[in-house]
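Okay, structure first, notes after.
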């Protein structure tokens with residue numbers, strides 16, 4: 001018996017060697033030439049060797065001080081009405097987003113920001129594409145607030161517990177600038193989309209949502225379509 | 001054993017069905033006195049006027065409303081009005097209730113930073129009653145539970161298609177077991193023979209026979225050769241790589257069950273060379289509101305809150321000072337000497353995400369679906385037809401357009417437009 005056990009040792013050894021050949025899904029595995037695969041220059045989403053001032057190893061850093069963003073136009077009152085200025089990084093540079101100043105900045109944006117983008121079919125269809133990616137989860141394909149996160153296909157309540165208002169009743173109350181500010185910085189339970197969407201893309205989305213709300217495209221403000229009753233609602237809303 | 005399992009499952013199933021039926025019946029009986037017409041009207045009004053900020057059972061911009069009538073009643077009578085009447089005043093125009101210094105209204109106002117809208121002229125008294133009826137009994141005529149999404153899609157836990165090491169070990173264990181059993185039967189035969197007095201010539205053991213030894217050596221050579229080549233080919237490739245991420249984010253839940261578009265979070269896939277790992281503010285677009293998941297409850301979402309400095313109690317970024325980035329583990333990695341551009345494939349090529357990344361919408365934990373080897377790239381470039389006709393990007397390829405018109409070529413693959421030339425990707 002003992003003899004047999006001793007004879008089994010080589011079999012067990014081979015078994016062990018074969019078993020160790022399996023690849024482990026938790027590790028990336030070996031490579032031929034590490035210096036070619038993992039280069040010295042930083043690639044996106046790879047940790048840096050030098051800690052940031054905040055003490056983490058993020059390779060995405062703030063640009064050097066006084067860096068000018070691509071397409072930047074200085075904040076000068078003479079160029080404020082210039083469409084190129086309106087399309088630039090304006091919203092990021094000249095408006096702030098903090099909970100305390102939200103209302104103030106929202107009102108200011110409503111007065112100052114005008115829609116710089118021409119109403120074309122291309123802009124609207126690109127807006128529709130972006131809307132269906134970024135907005136439908138909550139606002140729904142029809143803009144009535146029945147997105148798949150708010151209302152499940154069977155009619156039950158989705159995980160998102162706040163239901164966005166219907167564009168048809170809400171959008172006529174706002175100036176373009178107000179809508180732009182909300183798309184950029186969010187409002188109440190809605191997050192801001194200034195990070196996801198460029199200024200142009202935000203205006204394209206606004207063109208599209210105005211079209212599904214049944215607002216005439218070139219209407220640049222709340223006044224024209226809003227009746228006396230909705231005007232009252234608007235004032236009440238401003239108090240908010 | 002399998003049968004038993006089935007029986008158990010069906011028993012469990014029937015038990016749950018029974019329970020559900022009883023619960024439904026119970027709910028129907030309990031709410032028999034609720035007027036469904038009024039309730040439905042209240043629900044519709046609630047959805048169009050209140051639901052942006054309020055939910056019957058969850059805190060949002062405004063507080064959860066279930067039990068509000070009782071809470072306001074608890075506020076007591078004041079200036080000849082009951083608590084419920086003050087609630088009506090508040091809903092119409094909360095300024096009136098605060099200006100009248102009704103204590104509960106004053107406390108309510110100071111408890112929340114956001115100011116409520118004014119509904120005077122929008123909602124009549126009867127409307128408010130209907131809304132309150134709905135709010136207090138929001139689940140009275142609930143949609144059938146079947147509409148609830150199953151938690152997670154199909155599970156795709158096992159990484160690539162390589163069987164695990166445990167399988168090899170098990171098979172070897174079986175082989176060893178068989179060998180031992182053969183040995184035991186042989187020995188028993190021998191004992192029986194000895195008992196019977198039959199003397200047999202000592203047998204040559206099977207593993208000492210030359211035929212067997214040659215066969216074993218051949219098998220070993222073939223296996224080792226295969227293993228060496230296979231290992232060499234896979235060296236530097238990460239197909240099936242499925243690391244544990246710091247947060248147990250499930251694509252099956254987000255992209256599968258809730259059908260959120262890939263580009264909602266990975267929007268730079270159409271904008272730039274790299275597709276992005278979403279920053280935490282993208283998570284917070286929804287998770288400002290949704291703080292509990294179907295599988296891990298608040299545990300995993302709390303990690304987002306900790307990383308971004310969000311305080312779920314006050315619903316502000318109060319802990320921003322202690323915020324620190326989430327260290328996601330990068331799965332897809334191309335060597336540095338290969339140029340790959342996401343926006344080119346997404347915009348000009350109109351390639352679906354799943355073509356390369358596999359069925360991500362069914363993966364609870366993402367793994368690398370494609371080998372990302374050069375052969376794989378080239379193969380796709382040879383086979384994939386370019387959407388050439390109505391694609392502005394290729395309008396300058398005049399000769400190919402001409403050839404297509406003259407029918408000298410019948411289709412345009414990526415190879416036709418130079419997609420297999422070295423310098424396209426290596427420069």
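So here's what we get for this one:
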quantity: Selection status of residue B:252, buried (at least 19 other Cβ atoms within 10 Å of the Cβ), at pLDDT 90 or above and in contact with a helix residue (DSSP H, G or I) (Cβ under 9 Å, 6 or more places away or on another chain); calculated: yes
quantity: Test: residue in the range B:191-202 that is in contact with a helix residue (DSSP H, G or I) (Cβ under 8 Å, 6 or more places away or on another chain) and modelled with pLDDT of 90 or more; calculated: no
quantity: Hits in the range B:105-126 (condition: more than 14 Å from chain A (Cβ to nearest Cβ) and either out of contact with any helix residue (DSSP H, G or I) (no Cβ under 6 Å at 6 or more places or on another chain) or surrounded by fewer than 19 Cβ atoms within 10 Å (Cβ to Cβ) (or both)); calculated: B:106, B:107, B:108, B:110, B:111, B:124, B:125, B:126
quantity: Qualifying position, being more than 24 Å from residue B:364 (Cβ to Cβ), within 10 Å of chain A (Cβ to nearest Cβ), surrounded by fewer than 19 Cβ atoms within 10 Å (Cβ to Cβ) and more than 23 Å from the chain's Cα centre (by Cα), among B:309, B:225, B:232; calculated: B:232
quantity: Scope the range A:133-168; condition within 7 Å of chain B (Cβ to nearest Cβ) and not in a loop (DSSP other than H, G, I, E, B); matching residues; calculated: A:133, A:134, A:137
quantity: Selection count, the range B:350-395, where residues are in a loop (DSSP other than H, G, I, E, B) and modelled with pLDDT of 85 or more; calculated: 18
quantity: Some residue of the range B:233-244 being within 24 Å of residue B:375 (Cα to Cα) and in a helix (DSSP H, G or I); calculated: yes
quantity: Unmet criterion (only one of (1) out of contact with any strand residue (DSSP E or B) (no Cβ under 9 Å at 6 or more places or on another chain); (2) within 14 Å of chain B (Cβ to nearest Cβ)) for residue A:182; calculated: (1)
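Conditions tested, residue by residue: (1) at pLDDT below 90; (2) closer than 30 Å to residue B:311 by Cβ; (3) more than 7 Å from chain A (Cβ to nearest Cβ).
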site	(1), (2), (3)
B:262	no, no, yes
B:265	no, yes, yes
B:274	yes, no, no
B:287	no, yes, yes
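The values are calculated or read from the model by the stated rules, or taken from the named source; none is laboratory data. Since the model is a prediction, treat every value here as computed from it, not as a measurement. Neighbour counts are summed over all protein chains in view; Cβ atoms, including those assigned to glycine, are modelled from backbone coordinates with ideal geometry.
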